[in-house]
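So the structure is just underneath, and the comments pick up after that.
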Amino acid sequence: TLVIPDLCKRIEDIPLLVEHFINKYNKKCNKFFNGISKDVLDIFLDYSWPGNVRELEHAIESAISLYDGEIIREEHLPFQFKNYQLNGNLLDTGSIQPLNDAIEKVEKEIIISALEQTDYNITKAAKLINVPRQTLQYRIKKLELLF
């Protein structure tokens, strides 16, 4: 049996894997990315990689298929990689709010951010936050986010 350690235990492989996946998806999507920014490399090296190599591949595929450019930047990454700062005062007010209210507020912020980053294209926004398009449409309606 061949045992391959998790990606988080072989971070030295990340730059080579990134290069491989960039080449693969450049060809597939007819794009011309030639690398990642230092910020993206830092994020990738610090990330825990629960989805292992497939998650890395998906991140590169998503960035290349959704955006144009030469360098993959932090704003091109799927949401889980971004240094998302909670806006509003969810945790630093000293008063605790009901969990459902806090979750709804964060969900609204995530959806609005994804929509803004994709010029309000629901299909692209759904890909960016890794949910089916129909789910995103349902959440937009349920959260009363009208655009």
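The values are calculated or read from the model by the stated rules, or taken from the named source; none is laboratory data. None of the values given here were measured: they were computed from a predicted structure. Cβ: placed from backbone, ideal geometry, glycine included. Neighbour counts: every protein chain shown.
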Residue pairs within 8 Å by beta carbon, gap of at least six or interchain, first lying in the range 129-141 and farther than 13 Å from Ser113 by Cβ, second of a type in the set (S, T, N, Q) and modelled with pLDDT under 90, listed first then second, are Asn130/Gln80
Going through the range 117-141 in order, the residues found to be of a type in the set (S, T, N, Q), under 15 Å from the mean Cα position of the chain (by Cα) and assigned to a loop (DSSP other than H, G, I, E, B) are Thr118, Asn130
